[in-house]
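Laboratory data are not the source of any read-out in this text; all were calculated from the coordinates shown. Quantities reported herein were computed from a predicted structural model and do not represent experimental measurements. Cβ placement follows ideal geometry from the backbone for every residue including glycine, while neighbour counts extend to all protein chains displayed.
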Amino acid sequence: MIRPIASLGRGTLEALSALGRASMFLAQSAVGIPSREGWHLWLRQMHFIGVMSLAIVLVSGLFIGMVLGLQGYTILVGFGAEDALGQMVALSLLRELAPVVAALLFAGRAGSALTAEIGLMKATEQLTSMEMIGIDPLRRIVAPRLWAGFISMPLLTVGFSVVGIWGGYLVGVQWLGVFDGSYWSNMQSSVAFVDDILNGMLKSVVFGLVVTWIAVFQGYDLIPTSEGISRATTRTVVYSSLAVLGLDFVLTALMFGELG
Amino acid sequence: MKRSKMMEFGVGLFVLAGILGMVFLGLRVSGISLGVPQDTFTLQANFANIGGLKSGSRVAMAGVTIGRVSDVALDTEWLDARVTMELDEDLEGKISRDSTASILTSGLLGEQYVGLSVGGDPEMLEEGDTIRDTQQALVLEQLIQQFVSNMTSD
């Protein structure tokens, strides 16, 4: 009788203490804003996290835009409303697809790599050695990665949207013959800069923070064995995908629902 | 050293591409204009029913966009809708006093907009004037109702 209740209590305490550790971790490492001497560390991470993720994000964006163009056209043409294609492609990309899909790809491409990298540093006791010689690993290792992810994510999302809208244009206008002028003008009359574009960017900033946070924390907090690293890498992808999808619903309800 | 320069170049290019993409989204996709906001002149009109007209809807004359609806409010004196429009400044003093404002729909399912058609009065509308002659929005339910009652009375 006592045992299940005790194990429930233990589980809750463990979850709370992990949350507490993660928050302390974020607070301590986010202070390490890229400074003059830390510049090259941040730059290297921007290159690895941002620039190297660009290819997969842009290719996915292109295909998603093209699929949206194709599917949207076949549905809209039934109502004789294929002129609204631009509006449909742009709004669905800017509000939902670009922030969410870019964040999911980012978690798979960059998040898992961050966890494995920091995890291996911990397993080979590099982090402890740094502390021994008086270097704060949170500032030296974690902070540049956190900031790079945080800054890269919105940039990747912009790229995703732009390429996706272009993909929709390729399929809708060039291939299926929607009138060029109505594709752009319908888009312009329905997309609002603050409500749609900036809200989408805000989403991607939040997702960037959450995904990198989960990734570096899982790496920093793992059990330093080869099995621990593989588990933590899996957890990074699973947790950040779930967090992105769940947060997306909350943010959408706040931004576009009648709640906000 | 050379590798670090390449990396800086790559990151710089990445950030630059992000900023350019944002500019593209702003200008081409949401259609905001960077220029100084054009000088406008304001007209008002009262409608019995505005249908789905909202602030930001376009105002057109002969099909050409000449301005935007800047405000829609209930006129508490007459209990109808008071629509404020901002038109291009060049048109100030060129729209006659007996012009008609009507709420039209672009296409069957499209957005609603205000259409202005010019009258023949030599007196012109000035800043802040009210257009007297207005036509309310076509409401589909009312049309169907009229049609049905005409059918049954025959």
Local electrostatic count, B:R68, Cβ distance below 11 Å [Lys/Arg +1, Asp/Glu -1] | -1
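Explain nothing, just the number: dipole magnitude of the protein assembly as shown about its Cα centre with +1 on each Lys and Arg Cβ and -1 on each Asp and Glu Cβ, in debye rounded to the nearest 20.
Dipole size: approximately 3040 debye.
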What does the charge dipole of segment A:1-150 about its Cα centre add up to, to the nearest 20 debye, if the Cβ of each Lys and Arg holds +1 and the Cβ of each Asp and Glu holds -1?
-> 440
Using a basic spin-label model with each label point 7 Å from the Cα along Cα→Cβ, how many nm lie between B:D80 and A:S7?
-> 7.4
Can you list which of the GluC sites (Glu not before Pro) found in segment A:77-166 are DSSP loop residues with at most 13 other C-beta atoms within 10 Å?
-> A:E125
Dipole-positive endmost among A:I2, A:A148, A:H40 within chain A (Cβ charges, Cα centre) | A:I2
Residues of A:83-95, mean number of Cβ from any other protein chain within 10 Å of their own Cβ, rounded to a whole number?
-> 1
Set Lys and Arg Cβ to +1 and Asp and Glu Cβ to -1, take the dipole of segment A:162-260 about its Cα centre, and tell me which of A:L209, A:V250, A:T234 lies farthest positive.
-> A:T234
For A:L120 and B:E127, extending 7 Å from Cα along the Cα-Cβ vector and measuring point to point gives, in nm, a value of 7.0
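Which of A:V205, A:V59, B:V114, A:V173 has the fewest other C-beta atoms within 10 Å, and how do the rest follow up to the most? Please list the in-between numbers first.
On the way: A:V205 15, A:V59 12, B:V114 27, A:V173 20.
Listed from fewest to most nearby Cβ atoms, that is A:V59, A:V205, A:V173, B:V114.
Might you report the magnitude of the Cβ-based charge dipole of segment A:110-208 about its Cα centre, with Lys and Arg at +1 and Asp and Glu at -1, to the nearest 20 debye? Before the final figure, lay out each step's value.
Details: 5 positive and 7 negative charges, 32 e Å.
My answer is approximately 160 debye.
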Any idea how far apart A:A55 and A:L202 come out in nm if each label point goes 7 Å out from Cα toward Cβ?
-> 3.6
Cα long-axis angle, helix B:140-153 against chain B (0 to 90 degrees, to the nearest 10) | 30
Using the charge dipole of chain B (Lys, Arg: +1 at Cβ; Asp, Glu: -1 at Cβ; taken about the Cα centre), state which of B:I50, B:M22, B:V69 has its Cα farthest towards the positive end.
-> B:M22
